[in-house]
């Protein structure tokens with residue numbers, strides 16, 4: 001019965017997100033058409049993008065606080081997590097660091113934000129209209145960065161949208177709740193409810209995404225012309241290149257180390273991965289992915305711990321996007337970040353990326369908060385908004401595959417991976433695939 005519910009739930013989400021995805025792509029095309037043929041009118045559409053971004057910003061503080069605290073404290077007694085918990089966190093931190101390095105490296109090589117906005121006048125107009133620019137200097141020293149992440153008031157941090165300060169407060173708050181134990185359970189339950197409410201809140205806000213995307217694309221092309229589309233293709237190309245590098249250099253090698261066929265693993269999770277890609281939502285693919293990993297040979301207790309934890313602490317695709325998004329946003333406004341500053345930002349993203357959940361566009365929310373924390377204009381978020389659906393599809397699929405690989409690595413690390421189960425699953429999959437091919441061939445013969 002539970003399995004049937006998961007299938008119905010996944011299909012419901014798929015249907016809902018497929019409609020929204022269609023509307024987003026329609027808005028994208030309309031934005032290009034209006035921006036090209038009616039540039040003066042298109043520039044006036046920018047308030048739609050600004051309003052949507054303001055709605056996104058109002059989600060940041062409560063969503064991050066609730067999800068991060070529940071993610072840390074929701075497991076109860078820290079000691080009960082044992083070796084599996086420690087190994088999982090170590091693996092997540094290593095992989096997250098590698099994802100950030102790859103994202104920053106690709107962004108430095110491709111420089112997708114350099115020359116994005118043509119001319120200084122449209123550039124200035126965009127920033128003034130958006131009303132999102134406070135200062136143009138990033139933190140310049142490690143001591144300044146470390147000092148600034150400790151809030152004097154959590155209320156002030158939430159009002160300012162300072163993501164780093166919210167993360168630090170959330171971590172201490174969660175650790176205190178774990179130490180208190182049973183007395184903190186009511187608060188955990190309340191925050192869990194808040195987390196679910198904020199997910200629903202985020203869903204409502206995302207219904208306005210097509211309108212915001214239309215305003216962002218139309219006004220950007222209206223101000224800069226169709227030539228800006230080349231820059232968009234450059235951003236998309238750089239992002240998918242970084243995701244491909246991550247898969248080859250991190251996920252493939254991780255499977256090699258634990259002596260698991262990465263090709264067989266990909267074949268096993270191809271259905272939920274495709275579902276995650278087309279819907280840009282991890283929620284839709286999550287139940288199916290967990291079921292498959294159990295059948296693939298990972299013990300149920302490891303799947304039950306690593307997969308849900310991974311959707312709080314190990315979203316590889318989203319982490320790469322955040323690293324590239326920060327550099328892109330600094331490049332388009334002419335802020336040069338040296339190696340020292342990029343290292344500081346990388347350390348910051350190791351914290352802020354932990355608050356991302358597996359819902360569409362949440363990475364965009366965290367990117368806006370991270371940029372605000374470093375006093376970098378979030379003009380880049382407004383520009384990325386136009387193509388975020390395309391970027392989100394890729395990063396969501398990699399999030400899913402990355403967490404599936406994590407379950408295999410942890411199971412192998414614990415010497416609990418069932419190779420016989422894996423071989424049986426692979427044989428069944430190949431036999432099923434062969435059977436489908438034969439049926440299709442017979443069908444074609446009959447039609448002929």
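Quick check on the range 237-287: take the gyration tensor over C-alpha atoms, sort the square-rooted eigenvalues as a ≥ b ≥ c, and tell me if it's rounded (a/c under 1.5), prolate or oblate. Please list the in-between numbers first.
Values: a/c = 2.62, a/b = 1.23, b/c = 2.12.
Since a/c reaches 1.5 but b/c is at least a/b, the shape of the range 237-287 is classed as oblate.
At a Förster distance of 45 Å, what's the computed FRET efficiency of residue 156 paired with residue 230, Cβ-Cβ distance as r, to 0.05?
So, using R0 = 45 Å, E works out to roughly 0.60.
Relative to the present Cα-Cα distance, how much length would full extension add between residue 190 and residue 258 at 0.36 nm per residue of separation?
Numbers: separation 68, 0.36 × 68 = 24.48 nm, distance 3.99 nm.
Taking 0.36 nm per residue and subtracting the Cα distance, the gain is 20.5 nm.
Stretched out fully, how many nm does the piece from residue 420 to residue 58 gain, at 0.36 nm a residue minus the Cα gap?
In short, 125.3 nm is gained.
Cα gyration tensor of the range 223-380, axes a ≥ b ≥ c as square roots of the eigenvalues: rounded (a/c below 1.5), prolate (a/b > b/c) or oblate? Don't skip to the answer; put the middle values down first.
Values: a/c = 2.02, a/b = 1.79, b/c = 1.12.
Judged from the Cα gyration tensor, the range 223-380 comes out prolate (a/c at least 1.5, a/b above b/c).
Sort the range 171-315 into rounded, prolate or oblate with this rule: let a ≥ b ≥ c be the square roots of the eigenvalues of the Cα gyration tensor; rounded if a/c is under 1.5, and if a/c is not under 1.5, prolate when a/b is larger than b/c, oblate otherwise. The partial results should precede the final answer.
Numbers: a/c = 2.23, a/b = 1.21, b/c = 1.84.
Here the range 171-315 falls in the oblate category.
What order do you get for 395, 263, 295 when you list them from fewest to most C-beta neighbours inside 10 Å?
Values: 395 28, 263 11, 295 16.
Ranking 395, 263, 295 by Cβ neighbours within 10 Å, fewest first, gives 263, 295, 395.
Going by how many other Cβ atoms sit within 10 Å of their own, how do 344, 365, 253 line up, fewest first? It would help to have the intermediate numbers written out before the result.
Working: 344 21, 365 25, 253 12.
Least to most surrounded, the residues fall as 253, 344, 365.
For a footprinting-style exposure proxy, rank 201, 286 by other Cβ within 10 Å, fewest first. Kindly include the intermediate steps, with their values, before the conclusion.
Details: 201 16, 286 23.
Sorted ascending by nearby Cβ count, the order is 201, 286.
Here, each number is a calculation from the coordinates, and none is a lab measurement. This one's a predicted model, so the numbers in the text were calculated from it and none came from an experiment. Because the Cβ atoms are built from the backbone with ideal geometry, glycine has one as well, and the counts that use them run over all protein chains shown.
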